[in-house]
Amino acid sequence: MTHYHIRWSGKALLDWQRFSTPEEAQASARQLVLFGETYMIEEHGETCPRCEAAMNVQSIHRAFNEANA
């Protein structure tokens, strides 16, 4: 599914928050941007590196909790 993330200047990772439209991402970025900071709105699909990483962390966390239950 197509979605959008903010890439802040000087940051290797995309911002964690996922947006449905580029307009939503742009509006959020305008509210959060710091003086002198820049950003880009990036379109991603099913193979989004940020979302895949988040899913992997959730899977590990869930497995840990189940093992310790």
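Observations on the structure shown:
- Per the listing E43, E52, E66, the residue uniquely acidic (D, E) and modelled with pLDDT of 95 or more is E43.
- Where a residue in segment 6-19 is assigned to a loop (DSSP other than H, G, I, E, B) and its partner, wherever it lies, is polar (S, T, N, Q) and surrounded by fewer than 14 Cβ atoms within 10 Å (Cβ to Cβ), with Cβ under 6 Å and at least six apart: S9/T38
- Selection from segment 20-45 of residues that are polar (S, T, N, Q) and not in a loop (DSSP other than H, G, I, E, B): Q26, S28, Q31
The values are calculated or read from the model by the stated rules, or taken from the named source; none is laboratory data. What you are looking at is a predicted structure, and each value in this text was computed from that prediction instead of being measured. Glycine also receives a Cβ, built like all others from the backbone with ideal geometry; neighbour counts cover every protein chain displayed.
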